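*Asks:* What follows is a structure written as structure tokens; I'll ask about it next.
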């Protein structure tokens, strides 16, 4: 909250009951954003499945099949789009695993 009844933005004296500084209008009733821990985003089972590596590989295979065997041009377009989504899925998964496995040196 407010430490020593001073605004953390403009250092003016504050009443402890105030939520906003009367001088600079900043919010003094809440903690700093960088001090609060980030909330983990919960995922439902469908989100977990679609972010899986196996799903990305399946999308590449399905898109490749559509691209190679599609008789009509729109089947080939769909194949290219599915391949793109598969590559995006695999890349996001790669970045997530790299971020989770990286060492925090700071």
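*Asks:* Could you name every one of the helices (runs of 4 or more DSSP H) located completely within the chain that has at least 1 residues being at pLDDT 90 or above?
*Replies:* In the chain, 53-69, 73-101 are the helices (runs of 4 or more DSSP H) which contain 1 or more residues that are at pLDDT 90 or above.
*Asks:* OK, next. Are there any pairs, at least 6 apart or on different chains, whose C-beta atoms fall under 6 Å, with the first in region 72-94 and within 24 Å of residue 48 (Cα to Cα) and the second loosely packed, with under 14 Cβ neighbours inside 10 Å, and if so, which?
*Replies:* Close Cβ pairs satisfying both conditions: 93/53.
The values are calculated or read from the model by the stated rules, or taken from the named source; none is laboratory data. On a predicted model such as this, the values are computed, not experimentally measured, just so you know. Please note: Cβ atoms are built from the backbone with ideal geometry, for glycine as well, and neighbour counts cover all protein chains shown.
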